[in-house]
Amino acid sequence: MNRKQILIGTDTISGIAPEILKACLLASDEKTLPYGNDIFTKKCKNIISKIFEKQDLEIIPMMSGTASNSLAISSFLRSYGSVLCHSESHINKDEGGAPEFFSGGGKLEVISSNSGRLNSKDITDKLNELDFKGKQHSKISGISLTQLAENGTLYSQNEILAISKICKKNNFYLHMDGARFSNALVSQQSVSPAEATWKIGIDCLSLGATKNGAMAAEVIIFFNKNLALEAKKMIKQTGHIIPKTRFITAQLNAWFTDGLWLKLAQKANDNATYLRGELSKFEDFKILYPTQGNEVFIRINKKTYNKIIELNIIPNLWRKTSNDEIEVRFVTSFETKFSLIDEIMHRFKTCFDYKLDPII
């Protein structure tokens, strides 16, 4: 049977939320100054200041997550320096060396952990290891963490606070890659944007809207204004001055209005929770990691993976764990329908065994 392809491996396949699409059309009709001197960008800064409860912050609207992360990090990373990050982090594995390029040769010092997240003990051990080697290692200037982490798990407030204390003790800056920050925020419920960032020591946040309803909209939020001054020196050099900035900030303004950014993230998270529950019913799938956002990871053998592809269901091939086993990632978005998940499960039932319900 010729089944329609189902792409379920990334949230970047999602479309544009109607409210954001409408905002782009309205921005097209408005003639205003270019290069960030427009009314939309000024409004965006005011909105972000209110949401994050901080007036003395700076923003730089961006078009891609790679540029957002790399410019943010290069605001404190120099060619002779380094930044600590998790080995699975996007800046280490998926940015094509962009952070190093933006900083003129800065280095990423990676730390591995089974949790997929940095922790204060591993960071302290890494610092002690580097100090033991003497003065020839690159000068560490900061730490970058990803919220949600690359395996879809959530940094707790206490985890970030412990890392922040290390930064303050060592005069490091703390950057957060927030490509799925909105998903992380709604999963914490009672935590405010301010409490999730600068109030626990985050100096700059690369906040992404593209995965969560926007067409192409990212923004670096500098809670430390000194870093914003450094970044603005490099923004033209790195080719990321946007002439028609209003089309980026118009998207962001609509995204933030009436809490749309959180509503869309909640939908995506709810879809992932439903998907996880359905996937857990199959014997062939071993679910990995808590589902604390909109991602579900499973471990399967290659034969099972090939069957999934034959069913025209396309998750993200994540990593090889052994000669016969691999991990794959399923990602939901605000657009994912329960009916689509049901269709996936219907196809799976033709190939894979259901778990037996326990006898009560």
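Kindly identify region 181-249 as rounded, prolate or oblate by the Cα gyration tensor criterion: order the square roots of the eigenvalues as a ≥ b ≥ c, call it rounded if a/c is under 1.5, otherwise compare a/b with b/c, prolate if a/b is larger, else oblate. Oblate, because a/c is 1.5 or more while a/b does not exceed b/c. For region 71-144, what does the alpha-carbon gyration tensor say about shape, rounded, prolate or oblate, given a ≥ b ≥ c as the root eigenvalues, a/c under 1.5 as rounded, and a/b over b/c as prolate? Oblate is the answer for region 71-144, as a/c is 1.5 or above yet b/c matches or exceeds a/b.
Taking amide H as placed 1.01 Å from N in the peptide plane, the amide H of Leu288 sits under 5 Å from that of Phe297, Ile298, Arg299, each at least 5 places away or on another chain. The charge dipole of region 179-316, taken about the Cα centre with unit charges on the Cβ atoms of Lys, Arg (+1) and Asp, Glu (-1), comes to about 340 debye, rounded to the nearest 20. For the chain, the share of DSSP beta bridges that are antiparallel, to the nearest 5, is 55%. The Cα center of region 222-248 and the Cα center of region 76-122 differ in position by 21 Å. The figure for His346 is an accessible area of roughly 110 square angstrom, using a 1.4 Å probe on the protein chains alone.
Considering only alpha-carbon pairs that sit under 8 angstrom and 6 or more positions apart, the relative contact order computed for the chain is 24 percent. Each residue of region 234-241 is assigned a 3J(HN,Hα), and the resulting list reads 9, 5, 6, 4, 8, x, 10, 6 Hz, derived from the Karplus form 6.51 cos²θ - 1.76 cosθ + 1.60 (θ = phi - 60°), x at Gly and Pro.
Loop-located trypsin sites (Lys or Arg not before Pro) across region 278-360 with a Cβ neighbour count of 13 or fewer within 10 Å are Lys337, Lys355, with loop assigned by DSSP. Ordered by 1.4 Å accessible area with all protein chains kept, Lys199, Lys233 run largest first as Lys233, Lys199. Roughly what angle does helix 120-132 make with the longest principal axis of the chain, taking Cα atoms, 0 to 90 degrees, to the nearest 10? The helix 120-132 is inclined about 60 degrees to the chain. Annotation: for a label point projected 7 angstrom from Cα along Cα→Cβ of Asp94, residues of region 1-16 with backbone N closer than 19 Å are 7-16. Once the chain from Lys121 to Asp353 is taken as fully extended at 0.36 nm per residue, the excess over their C-alpha distance is 79.3 nm. In the context of the full set of protein chains, the chain has a per residue accessible area of 47 Å² (1.4 Å probe).
Of the chymotrypsin sites (Phe, Trp or Tyr not before Pro) found in region 296-325, not one falls in a DSSP loop while having at most 10 other beta-carbon atoms within 10 Å. Remark: spin-label model distance Gln55-Glu195 equals 2.4 nm, labels positioned 7 Å along the Cα→Cβ axis. Between Ser64 and Glu283, the modelled labels are 4.6 nm apart [label points 7 Å from Cα along Cα→Cβ]. Residue separation of Ser322 and Asp270 scaled by 0.36 nm, minus their Cα-Cα distance, works out to 15.6 nm of gained length. Along region 291-299 the Karplus relation, 6.51 cos²θ - 1.76 cosθ + 1.60 evaluated at θ = phi - 60°, assigns HN-Hα couplings of 9, 10, x, 10, 10, 10, 10, 10, 10 Hz to successive residues, with x for each Gly and Pro.
DSSP beta bridges fully contained in region 117-249 are about 35 percent antiparallel.
Toward the positive end of the charge dipole of region 134-267, with +1 on the Cβ of Lys and Arg and -1 on the Cβ of Asp and Glu, the farthest Cα among Phe172, Gln188, Ile235 is that of Ile235.
Among the protein heavy atoms of the chain, carbon and sulfur supply 52% of the accessible surface, probe 1.4 Å, non-protein parts ignored. Counting only DSSP H runs of at least 4 residues, each contributing -39500 (n - 2.57), and dividing by the residue count of the chain, the helix-based mean residue ellipticity at 222 nm comes to -12000 deg cm²/dmol. Placing +1 on the Cβ of every Lys and Arg and -1 on the Cβ of every Asp and Glu, with nothing else charged, gives region 261-359 a dipole about its Cα centre of roughly 180 debye. Note on exposure: Met215, Met62 ranked by accessible area (1.4 Å probe, complete protein assembly) read Met215, Met62, with the most exposed listed first. Our note on the geometry: Cα centres of region 284-311 and region 5-73, 33 Å apart.
Between Lys139 and Asn306, the modelled label-to-label distance comes to 5.5 nm, taking each label 7 Å out from Cα in the direction of the beta carbon. 3J(HN,Hα) couplings calculated from phi for region 260-269 with the Karplus curve 6.51 cos²θ - 1.76 cosθ + 1.60 (θ = phi - 60°) are, in sequence order, 4, 4, 7, 5, 5, 5, 5, 4, 4, 5 Hz; Gly and Pro show x. With a cut-off of at most 16 other beta carbons within 10 Å, and DSSP calling the residue loop, which chymotrypsin sites (Phe, Trp or Tyr not before Pro) in region 76-105 qualify? Please list them. Filter output for region 76-105: Tyr80. For the cross-link pairs Lys93/Lys225; Lys286/Lys349; Lys169/Lys199; Lys168/Lys232; Lys45/Lys232, the ones whose C-alpha atoms lie over 18 Å apart are Lys93/Lys225; Lys168/Lys232.
The values are calculated or read from the model by the stated rules, or taken from the named source; none is laboratory data. Note that the coordinates shown come from a computational prediction; the quantities given were computed from them, not determined experimentally. So basically every Cβ, Gly included, is an ideal-geometry build from the backbone, and we count neighbours across all protein chains shown. Surface accessibility is based on the protein's heavy atoms, side chains included, excluding ligands, DNA and RNA. Shrake-Rupley method; radii C 1.70, N 1.55, O 1.52, S 1.80 Å.
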